[in-house]
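Visitor: I have a structure I would like to understand better, so I am pasting it below and will then ask my questions one at a time.
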């Protein structure tokens with residue numbers, strides 16, 4: 001069976017599952033293209049509050065690109081424009097998604113899988129997960145935007161070390177260097193991620209969306225050009241029924257019931 005992207009919705013949580021287990025969830029060109037479509041589809045669903053991105057099974061998040069396709073769509077003869085665009089579009093869709101996106105990383109997370117995870121807002125992984133940026137072992141040139149995103153997250157010094165050594169490291173170290181927000185025993189990972197998803201889903205959606213957009217602009221020092229956009233989002237929060245509900249719930253010492261309105 002060819003690799004595929006599976007989509008499920010459960011209440012306010014949308015789940016995107018990368019399913020290519022015979023190849024450790026390696027990503028084909030079609031799968032990269034489908035990721036972008038599925039993220040955009042879920043982002044437009046009115047009930048959605050948060051998205052989960054994970055690989056099928058516990059052996060891999062994503063082991064990288066499906067190298068068996070490279071002779072046809074990523075070589076000196078064929079060029080790599082369409083492939084590179086699909087990869088970038090998938091990452092951009094996650095970054096641009098107004099909903100928070102949480103990565104759950106079991107097992108192997110390498111190359112394109114590492115890039116996908118780092119496009120997510122929150123990343124939780126297993127302590128025994130294995131991470132690697134192996135481009136230097138393949139002779140593959142990585143895109144500037146791909147490297148730039150890693151630099152924004154990990155810093156230039158750490159990015160240089162990961163790309164230049166192409167070494168493998170575990171979840172403990174991934175958490176230590178800031179690639180993961182937290183590393184958990186593999187048997188507990190799914191439950192810890194579910195707790196995080198439920199926490200986000202219970203919060204005021206307009207406030208969460210504002211925070212995601214502001215953080216993205218701050219990373220690129222673009223907030224000054226987008227002040228009007230941010231102020232509009234802030235005004236929506238202040239005028240929302242959720243803000244009134246939050247104040248009432250605080251005064252009444254109860255859990256707020258947010259609607260996204």
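Visitor: Does residue 30 satisfy the condition of being part of a loop (DSSP other than H, G, I, E, B) and either outside the structural domain of residue 143 (by TED's automatic domain parsing) or modelled with pLDDT under 95 (or both)?
Guide: Answer is no for this residue.
Visitor: With the requirement that a residue be modelled with pLDDT of 85 or more and not in a helix (DSSP H, G or I), what does the stretch 191-231 give you?
Guide: 202, 203, 204
Visitor: Could you figure out which of (1) assigned to a helix (DSSP H, G or I); (2) modelled with pLDDT under 95 isn't true of residue 141?
Guide: Checking residue 141 against (1) assigned to a helix (DSSP H, G or I); (2) modelled with pLDDT under 95, the one that fails is (1).
Visitor: Here's another thing I want to ask about it. Give 174, 187, 183 a once-over and let me know the one that is assigned by TED's automatic domain parsing to the domain that holds residue 152 and not in a helix (DSSP H, G or I). Spell out the reasoning first.
Guide: Details: 174 fails: not in a helix (DSSP H, G or I); 187 fails: not in a helix (DSSP H, G or I).
The conditions single out 183.
The values are calculated or read from the model by the stated rules, or taken from the named source; none is laboratory data. Since this is a predicted model, take the numbers as computed values, not measurements.
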